[in-house]
Amino acid sequence: MHVTAPGHAAPLETSTGLDHRKLLMWAFLGSDCLFFGSLIATYLLYRGKSITGPYPHEVFNIPYTSVSAFVLLTSSLTMVLALAAIQRGDQRGLKAWLLATALLGGVFLGGQYFEFTTFIREGLTLRANLFGSTFFTLTGFHGAHVTVGVIILLSLFVTALRGRLPRERHLNVELAGLYWHFVDVVWIVIFTVVYLVEAPNIVGAG
Amino acid sequence: MATVTGALPRVLRRPTSYTGWWSWVTTVDHKRIGVLYGFTAFAFLLVGGIEALTIRTQLAGSESALVSPELYNQLFTMHALTMIFLAVMPLSAAFFNLIIPLQIGARDVAFPRLNALSYWIFLFGGLLLNAGWLVGNSPDAGWFAYANLTSKTFSPERGLDFYALGLLVLGTSSMAAAFNFVVTILNMRAPGMTLMRMPVFTWMTLVTSFLLITAFPVITVGLIELAFDRLFGTNFFVTAKGANPLLWQHLFWVFGHPEVYILILPAMGIVSEVLPTFARKPLFGYPFVVLSGVSIGFMGWAVWSHHMFTVGLGPVANATFALTTMVIAVPTGVKIFNWIATLWGGSLSLKTPLLFALGFIVLFIIGGLSGVSHSSPPADSQQQDTYYIVAHLHYVLFGGSIFGLFAGIYYWFPKFSGRLLHEGLGKLNFWLMFIGMNLTFGPMHWLGLDGMPRRIYSYPAGMGWDFWNLMSTAGSYMLGIGFLAFAWNFVSSLRKGEKATSDPWDGRTLEWSIASPPPIYNFATIPTVHGRDAFWAQKYLETPGHQPRGVPSGGADGDGDGAHGQGAGHLGVHMPGLSYFPIIVALGLALAAVGLLTHVAVIALGVLIMLFGIYGWTFEPAEPDE
């Protein structure tokens, strides 16, 4: 799990052998699981319980969201390539893959923005019904996580551009990667639960 | 490294003064942050105490009209919120900060600036939660704030907005602190201090921190849903749109029951330190005390619906949660037997810290037994929403948490002040609180079994409740005098108390091996640990002739001669530098929350300040440049 690269910046010994920041990131991600878990639980509890429309099957465009999910998952690959680049001291590769990851994240966010505005035009708002409240809150908080990730990636990219992300600071990229992969994994769960599992919503219309 | 960081952008000049007001604002020293936590929590404790005394004065006799029903609702809600989130939890956090690095032989916590951030967010969150008093609308739906009483329809005033946003801000603070202590305890133990050699207080802090980082996200989601319903018109708890208000109860108690253990485990840890020291014996059954604490941490997740027995979840759910609730009493009982066995045959030194620890055991047993009595759903249906529950929860939270924390204050005060608290005043403090506590909350048992409901602002004459309510009110004033005695003792001892040596109680753990008060870097040489009760072993086992062996402290009474450990050589004594950024980030966060209640421009300003703070923080090296 712990990659000891040559020339690690701070050879501070820790009791577990894990860097403080890495342990912090793992603890945070564990905690964030409970956060998304509670949001998803809320969504599941209210699935098919909306009294009025629009219902999920009326607004969802599965092929469209599948493409956007594919884009986000691809960004996990470029993230791995960015980490591999800094670990072997390839600064050009690092910059290219960091930027690619941030751009793919940006495309996903753009897709989400377009999806949200389309839904709102079709009458699905935060206030419309239980589906609207739970859908926008769950996917919105995921989008907020992606946004934070894109900001981190762009900050790393700018730092690398200015030559201040040398090989011995690979942990910065690794931590951003941990966060980024987590956000992707959460999207797999959300995409499955929200979009792919057929909601029995027609029943709720009564 | 210094060459790389030195070239990075600096937005603010680094603060350098270690004295004066600004040094407290910019401090990242765990001991100073602990002191800030302690004093702020005590101030909030007094506020919550005044609220409690007002409640008790109102209830002293039947048909009293001291406060209006509306104000009464705000008083009992704010009393609970203040005591839980602004007094007991931050007092525990004060001890985490003051003690943990010293007990594990570290120079500071893993993330000193994050630690300062936790404190400042706590302070601003506490003020935000209390801001309702300024506009005359404090939260008034109980600390559990059941939906859908909390909806805009039924609570149109501002009060519950302060509730939702105040607790969201405070939750950020608690989680940030907990992340810090998880990493600190797991990663910064002195060489040789394996997990099963850690002091029990350190263990209980670790368990509490894990509970915090897992339980708070759940209530965060609940509070977000509540805030969205109230501010943006979502439908999470709007029954007319098909919502199920039980969602809130589940989210609340899934958090709320681990929260109970978040409040009590630190006190249990303190008592597990105080008893062996004053019995002059090692803790009996250390692995059992530790593992029962860990299992309480796990099992605390499986009992939440016992708060909902009267909701109608059905016989299967009720029976399941009744069983898990009865089972969780087992590890608690294991702890109590181990504490008693620690005292057994010890040469007890009945100083004030031990008195409070003994008080803790007695009162916690009473509170625990009444707790088991409502693990049975039929019995609970009788007790639900009566004063019997109020009696139970105060025996565990006041008799438990507060007595444990007071044992800790009397125990560790000399370590940080260099002086002892006065024994005579301490004993007066203890007996006033012990008798006052039983007089206040004891009668509530029979008032509750006699049917007196909770959360009523008044009751008719002729119910037979007048006498015991009057006694209870008298007891609460006695408690108030007890707190004043403590405050007097604290202030006067701080100024002219008896000077304390570095090891006034003949302590067992590493914090007693360094000077009182400790130098800023705590340990000149990082100690090497060979077993449990590391300092006791150094004094009596590793040195023949029962002669306490001095340990290099580098502090005021640096009488050390034994050089051991070789940590300092390659670590050096580089302490983290002061920083403006924690308070800036906290201020931005609080402003953004206030903006949600006022104007979108304030949100934008808050977010901007926060981003500025985060960027400055990121590019500020942890250590000041030389």
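Using 0.36 nm times the number of residues separating A:Phe70 and A:Arg92, minus their current alpha carbon distance, what extension gain do you get?
5.4 nm
With each pseudo-label sitting 7 Å past Cα toward Cβ, what's the A:Ile120-B:Tyr615 distance in nm, one decimal?
Those two pseudo-labels are separated by 2.7 nm.
Taking Cα atoms of the protein assembly as shown, Rg/Rh with Kirkwood Rh, to two decimals?
Ratio value, two decimals: 0.97.
Please give the residues of region B:413-437, grouped as numeric ranges, whose backbone N is less than 17 Å from a label point set 7 Å along the Cα-to-Cβ vector of B:Ser492.
Answer for this model: B:419-433.
For chain A, what relative contact order do you get, as a whole percent, if you take Cα pairs closer than 8 Å and at least 6 residues apart?
Relative CO of chain A lands at 36 percent.
How large is ³J(HN,Hα), in whole Hz, for each residue of region B:430-439 in order, when computed from phi with the Karplus curve 6.51 cos²θ - 1.76 cosθ + 1.60 and θ = phi - 60°, using x for Gly and Pro?
Ordered by residue, 3J(HN,Hα) equals 4, 5, 4, 6, 5, 5, x, 4, 5, 5 Hz.
Work out the FRET efficiency for B:Trp446 and B:Glu63 from their Cβ-Cβ distance, taking R0 = 22 Å, and round it to the nearest 0.05. Intermediate values should be presented prior to the final figure.
Numbers: r = 21 Å, r/R0 = 0.95.
That gives a FRET efficiency of 0.60.
Please list, in order along region B:612-618, the HN-Hα scalar couplings obtained from phi with the Karplus expression 6.51 cos²θ - 1.76 cosθ + 1.60 (θ = phi - 60°), rounded to whole Hz, x for Gly and Pro.
The phi angles translate into 4, x, 5, 5, x, 4, 4 Hz.
Using a Debye calculation, one point per C-alpha and no hydration shell, please list log10 I(q)/I(0) for region B:46-186 at q = 0.11, 0.14, 0.22 Å⁻¹ in order.
With one equal scatterer per Cα and no solvent, log10 I(q)/I(0) is -0.49, -0.71, -1.25.
Name the residues whose placed amide hydrogens come within less than 5 Å of the amide hydrogen of B:Thr386, ignoring near sequence neighbours (fewer than 5 apart) on the same chain.
B:Arg454
From the backbone phi of region B:325-338, what are the Karplus-calculated ³J(HN,Hα) couplings (6.51 cos²θ - 1.76 cosθ + 1.60, θ = phi - 60°) in whole Hz, Gly and Pro given as x?
5, 5, 5, 5, 5, 5, x, 5, x, 4, 4, 4, 5, 5
So if a site counts as exposed when it's one of the trypsin sites (Lys or Arg not before Pro), its DSSP state isn't H, G, I, E or B, and it has at most 14 other Cβ atoms within 10 Å, what's the longest stretch of chain B without one? Walk me through the numbers on the way to the answer.
Details: sites that count: B:Arg10, B:Arg13, B:Arg280, B:Arg455.
Between exposed loop sites, the widest span is B:14-279.
What is the Cα convex hull volume of region B:37-500 when expressed per residue in Å³?
144 Å³
Which whole-number percent is the relative contact order of chain B (Cα, under 8 Å, 6+ apart)? Mind showing how you got there, number by number?
On the way: 1052 pairs, mean separation 110.9, N = 626.
Relative contact order here is 18 percent.
Name the long-range amide H neighbours of B:Val529: under 5 Å, sequence gap of 5 or more, or other chain; modelled H, no Pro or chain starts.
Amide H neighbours of B:Val529: B:Gly192, B:Met193.
Quick one: length gained pulling B:Ser458 to B:Thr598 fully straight, 0.36 nm per residue minus the C-alpha distance? Walk me through the numbers before you get to the answer.
Numbers: separation 140, 0.36 × 140 = 50.40 nm, distance 3.55 nm.
Value of the extension gain: 46.8 nm.
So how much slack lies between B:Asp506 and B:Thr194, counting 0.36 nm per residue of separation and subtracting their Cα-Cα distance, in nm?
My answer for the length gained is 110.0 nm.
Averaged across B:214-225, how many Cβ atoms of other chains sit within 10 Å of each residue's Cβ atom?
Taking all residues of B:214-225 together, the mean is 5.
Which of the residue pairs B:Lys351/B:Lys496; A:Lys22/B:Lys335; B:Lys31/B:Lys496; A:Lys49/B:Lys152 have a Cα-Cα distance greater than 26 Å in the structure shown?
From the list (B:Lys351/B:Lys496; A:Lys22/B:Lys335; B:Lys31/B:Lys496; A:Lys49/B:Lys152), the Cα-Cα distance tops 26 Å for A:Lys22/B:Lys335.
Run lengths n ≥ 4 of DSSP H only: what is the helix-derived mean residue ellipticity at 222 nm for chain B, with -39500 (n - 2.57) per run over all residues, to the nearest 500?
After summing the helix terms and dividing by residue count, I get -21000 deg cm²/dmol.
As a test of the formula, what do you get for chain A when each DSSP H run with n ≥ 4 contributes -39,500 (n - 2.57) and the sum is divided by the residue count, at 222 nm and rounded to the nearest 500 deg cm²/dmol?
-24000 deg cm²/dmol
Looking at region B:118-184, I'd like the Rg to Rh ratio, where Rg is from alpha-carbon atoms and Rh is Kirkwood's inverse mean 1/r.
With Rh from the inverse mean 1/r over Cα pairs, Rg/Rh is 1.09.
What per residue convex hull volume, in Å³, comes out for region B:401-521 when only alpha-carbon positions are used?
In region B:401-521, the Cα hull volume divided by residue count equals 139 Å³.
Find the eigenvalues of the gyration tensor of the Cα atoms of region B:133-282, then list the square roots of 5 times those eigenvalues as equivalent ellipsoid semi-axes, largest first, in whole angstrom.
They are 39, 15, 13 Å, listed largest first.
Set the Förster radius R0 to 22 Å, insert the Cβ-Cβ distance between B:Trp431 and B:Ala474 as r into 1/(1 + (r/R0)^6), and round the FRET efficiency to 0.05.
The formula returns an efficiency of 0.90 here.
Quick one: B:Asp503, B:Asp140, fewest Cβ neighbours within 10 Å first, how do they rank?
With the fewest neighbours first, B:Asp503, B:Asp140 line up as B:Asp503, B:Asp140.
Which listed residue (B:Met452, B:Ile520, B:His394) has the Cα farthest towards the positive end of the charge dipole for region B:382-537, taking +1 on Lys and Arg C-beta and -1 on Asp and Glu C-beta about the Cα centre?
Value: B:Ile520.
Find, among the GluC sites (Glu not before Pro) in region A:107-206, those assigned to loop by DSSP (not H, G, I, E, B) with at most 13 other beta-carbon atoms within 10 angstrom.
Of the GluC sites (Glu not before Pro), the ones in loops of region A:107-206 whose Cβ has at most 13 other Cβ atoms within 10 Å are A:Glu122, A:Glu198.
For region A:62-205, build the convex hull from the C-alpha positions and give me its volume per residue in Å³.
For region A:62-205, the hull spanned by Cα atoms encloses 95 Å³ per residue.
What residues have an amide H closer than 5 Å to that of B:Arg419, excluding those fewer than 5 places away on the same chain, when H is modeled at 1.01 Å from N in the peptide plane?
Residues meeting the criterion, in which the H sits 1.01 Å from N, are B:Ala500.
Where a number appears in this text, it was derived from the coordinates with a stated rule and is not lab data. The shown structure was predicted, so the numbers you read here are calculated from the model rather than taken from an experiment. We place every Cβ from the backbone using ideal geometry, glycine too, and count neighbours over all the protein chains shown.
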